[in-house]
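Undergrad: Supplied in structure tokens, the structure appears directly below.
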């Protein structure tokens with residue numbers, strides 16, 4: 001296959017990925033509205049957000065391991081349609097904490113069968129010297145989808161209300177599934193590697209791969225704690241500046257959507273830089289930068305909003321910039337006979353971390369804010385300690401990856 005044909009295929013896969021990701025952030029974009037309408041505590045709001053990751057975790061080990069035996073495209077198609085149907089069900093039937101928790105979990109199961117199988121398809125089509133850029137494009141499409149999910153949900157909510165916003169973004173995975181069916185070529189059996197398949201026990205003995213996976217877990221801790229609560233944080237900043245709730249929510253969602261969109265380009269750039277300067281070096285510098293901003297940004301709610309927005313832009317660019325470098329590193333360090341199992345372990349640990357941090361973030365918000373803050377102030381005034389938790393967790397990834405510099 002010619003180089004331009006491979007990148008043309010990558011473009012179609014990336015467009016498909018954007019479609020499947022339109023449901024990813026529609027809950028967090030509307031979180032302040034759900035909290036008010038369903039009288040949710042911060043901890044309950046965090047649980048609903050994390051239920052998506054929990055659904056992912058419950059299915060990803062099985063679905064990703066199956067890519068060692070079944071065509072990745074077949075798994076991808078089934079999961080994309082599942083995700084869309086679950087999202088539409090949320091828009092029709094979610095009416096409180098428990099129903100939202102269950103339906104959001106079902107949406108996460110669909111995500112489990114798209115993102116990592118898609119990443120495997122990319123890793124199989126591109127050699128190591130081109131893989132950083134290729135994975136960067138793919139993960140950049142993931143980030144673009146997250147950005148559009150935030151932006152479109154905020155915009156549609158301001159025009160049509162949250163139910164229609166949720167319904168219309170849930171059409172994205174259905175469209176992505178149709179695009180994948182027609183444009184990604186014939187589903188093929190997994191390539192027979194030169195090395196024979198290995199067990200999970202052998203995968204656990206691969207210390208370099210485990211170090212990279214632990215770095216991935218730290219990265220996911222920071223990134224998804226930030227993504228789960230950043231709209232709510234900026235909404236609080238706008239409310240403090242005397243904006244109305246509906247306008248504050250829509251502005252926060254659209255602004256974080258635009259910021260996340262920038263992350264799609266920084267992600268691709270990070271993959272390109274890691275091809276030139278090494279995976280570990282790139283990852284360490286990006287982690288140091290984003291962790292520093294995590295430790296700082298929560299305290300800026302009491303400063304002029306221009307400062308907060310400037311830091312938010314930098315935050316959105318840096319927190320995702322090492323995603324493609326880490327994922328590429330895992331595929332390169334994995335044993336050829338255990339690529340699917342190694343990626344399954346990466347997903348399990350990374351998304352477990354991603355599901356825990358938003359819950360703890362909400363718990364810390366409950367601990368550090370007055371119980372009646374939403375009633376008396378209309379917003380939560382204290383965010384610094386919760387964001388500090390993200391910075392500490394993200395910083396631990398530096399120590400996990402450091403020895404890989406050699």
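Undergrad: Sort out for me the helices (runs of 4 or more DSSP H) sitting completely within segment 26-75 that have 3 or more residues that are modelled with pLDDT under 85 and crowded, with 23+ Cβ neighbours inside 10 Å. Talk me through it step by step, then tell me what you get.
TA: On the way: elements: 26-29, 31-37, 42-65.
Passing ranges, in order: 42-65.
Undergrad: Follow-up. Take segment 371-398 and flag every residue that is outside any helix (DSSP H, G or I) and either out of contact with any helix residue (DSSP H, G or I) (no Cβ under 7 Å at 6 or more places or on another chain) or more than 25 Å from residue 241 (Cβ to Cβ) (or both).
TA: So in segment 371-398, the residues outside any helix (DSSP H, G or I) come out as 371-372, 377-383.
Correct list: 371, 372, 377.
Undergrad: Regarding residue 326, is this residue over 19 Å from residue 123 (Cα atoms) and assigned to a helix (DSSP H, G or I)?
TA: no
Undergrad: Confirm whether residue 91 is part of a helix (DSSP H, G or I), touching a helix residue (DSSP H, G or I) at 6+ places or on another chain (Cβ under 9 Å), without any contact (Cβ under 8 Å) to a residue 12 or more places away in the chain and farther than 16 Å from residue 72 by Cβ.
TA: On the way: part of a helix (DSSP H, G or I): yes; touching a helix residue (DSSP H, G or I) at 6+ places or on another chain (Cβ under 9 Å): yes; without any contact (Cβ under 8 Å) to a residue 12 or more places away in the chain: no; farther than 16 Å from residue 72 by Cβ: yes.
No; evaluated as a whole, the condition is false for this residue.
Undergrad: From the list 103, 144, which one is more than 14 Å from residue 20 (Cα to Cα) and in a helix (DSSP H, G or I)? Quick ask: steps written out before the conclusion?
TA: Details: 144 fails: more than 14 Å from residue 20 (Cα to Cα).
Testing whether each residue is more than 14 Å from residue 20 (Cα to Cα) and in a helix (DSSP H, G or I) leaves just 103.
Undergrad: Here are some residues: 349, 367. Which one is at pLDDT 90 or above, part of a helix (DSSP H, G or I), in contact with a helix residue (DSSP H, G or I) (Cβ under 7 Å, 6 or more places away or on another chain) and surrounded by fewer than 23 Cβ atoms within 10 Å (Cβ to Cβ)?
TA: Values: 367 fails: in contact with a helix residue (DSSP H, G or I) (Cβ under 7 Å, 6 or more places away or on another chain).
Unique residue meeting the criteria: 349.
The values are calculated or read from the model by the stated rules, or taken from the named source; none is laboratory data. Note that the structure is predicted; figures quoted are calculated from it, not measured. Quick reminder, even Gly has a Cβ in these numbers, built from the backbone with ideal geometry, and neighbours come from all protein chains shown.
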